[in-house]
């Protein structure tokens, strides 16, 4: 059984996901792909952090975003 990634959990705080897409200027299909992959491309990470902070989601910082992606990369390499 696989567990949801922290990125998927973060994206899922926007209901519907189109709200996040609209806030950061992305296509909703792109946001769905990020959620499925559990990763956000580097060029979008700052926008997502800013949107999360504006929404009042605690703990979502640039450092958190880097740590989550570092952990995902390490797990994928194993």
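Some observations on this one:
- Ranked 12, 22, criterion: other C-beta atoms within 10 Å, fewest first: 12, 22
- The chain: most fluctuating residue of 52, 21, 36 per GNM, C-alpha cutoff 10 Å: 36
- The angle between the Cα long axis of helix 42-55 and the main principal axis of the chain comes to about 60°, on a 0 to 90 degree scale.
- Look at 69, 32 and count the other Cβ atoms within 10 Å of each Cβ; fewest to most, that gives 32, 69.
- Entry note, the chain: relative contact order of 26 percent, from Cα contacts under 8 Å with a spacing of 6+ residues.
- With Cα atoms, 0 to 90° folded angle of helix 28-37 axis to the chain main axis: 20
- nm² value of the averaged projected area, convex hull over the Cα atoms of region 10-77: 4.3
- Put a dot 7 Å past the Cα of residue 29, heading toward its Cβ, do the same for residue 46, and the two dots end up 2.7 nm apart.
Every number in this text was worked out from the coordinates using simple rules, so none of it is lab data. The structure displayed is predicted, hence computed values, not measured ones. We place every Cβ from the backbone using ideal geometry, glycine too, and count neighbours over all the protein chains shown.
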